[in-house]
1. Report D for segment 91-220 in µm² per second (integer): Stokes-Einstein, Kirkwood Rh on Cα pairs, 10 °C, 1.306 mPa s.
2. Go through His104, His163 and list them by solvent-accessible area, largest first, probe radius 1.4 Å.
3. Using only Cα positions of segment 127-192, each an equal point scatterer, no hydration layer, compute I(q)/I(0) via Debye at q = 0.16, 0.24, 0.29 Å⁻¹ and quote the log10 values to two decimals.
4. Full-extension gain between Arg128 and Val67, please, as 0.36 nm times their residue separation minus the C-alpha to C-alpha distance.
5. For the full complex of protein chains and a 1.4 angstrom probe, list Glu53, Glu151 by accessible area with the highest value first.
6. Looking only at segment 151-168, which residues have a backbone nitrogen under 20 Å from a spot 7 Å from the Cα of Ala103 in the C-beta direction?
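The values are calculated or read from the model by the stated rules, or taken from the named source; none is laboratory data. Being a predicted model, the structure only gives us computed values, none of them experimental. Heads up, the Cβs are rebuilt from the backbone with ideal geometry, glycines too, and the neighbour counts pull from every protein chain shown. Ligands, DNA and RNA are excluded from the accessible area calculation, which covers all protein heavy atoms including side chains. Shrake-Rupley method; radii C 1.70, N 1.55, O 1.52, S 1.80 Å.
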Amino acid sequence: MLCDSCGAPLPVGTLVCEHCGRQAVPSGPAARSRGSVPKPAALRITDDGWSYELSWRWFRPVHVFLVFFCVVWDSFLVFWYAMALGGGPPFPFNLIMILFPIAHVAVGVGLTWYTLCGFLNWTVVTVRNHELTVRHEPLPWPGHLTLDAGEIRQFFVREKVSHGKNGTSVTYDVEVVESAGTSRKLVTGLDSAELALAIEQGLEQHLRIVDEGVAGEVSR
């Protein structure tokens, strides 16, 4: 239910908005009937009365394979630069050896960092003091976000299908619709529809957002 004065979510039956303090008649669409999503084992939920937090680890079995791949890739680059910088080939051949694998170095650094994040990082979504924040920790990673919780009208899950040389992969993004009608991605790259839908469900229930259909969303 939404306050007709400021648009903030209201508990059912409430006539005084806690956000703007004005007496308001709850209005908005009726909730549609959707199945409840059971909480996945990978999802942690903490609600202490002051804040509501959802968190999950990045680790997947593929990160174990990436450890071996990174060791082989990075070891080759170390061997290569040891030859180039160790007084082996004369100038300008040693300069060519230094510059030639620059792209491979960038791939190695990025892949190694991604693998470390896979073992150590968590994504944490927190609702506190009318703010919704998304952060990835402990290692730095892009995608941190802060939103005004009162401006969020809807959460939904979208499926993303990618086609590559090694086959087709499917991931899931949790997105939000803001009061202005714009949508933005909250978290991306989830490999489980159940996890994504549980995040959507948990946030909507905590913020008392009436569930509405969004074109192209993943259904429960």
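1. Numbers: Rh = 17.2 Å.
Roughly 92 µm²/s, to the nearest whole number.
2. Numbers: His104 80, His163 150 Å².
Result of the area sort, largest leading: His163, His104.
3. With one equal scatterer per Cα and no solvent, log10 I(q)/I(0) is -0.65, -1.08, -1.23.
4. Details: separation 61, 0.36 × 61 = 21.96 nm, distance 3.68 nm.
Length difference between fully extended and current span is 18.3 nm.
5. Numbers: Glu53 45, Glu151 75 Å².
Of Glu53, Glu151, the descending order of accessible area is Glu151, Glu53.
6. Taking a point 7 Å out along Cα→Cβ of Ala103, the residues of segment 151-168 whose backbone N falls under 20 Å are 164-166.
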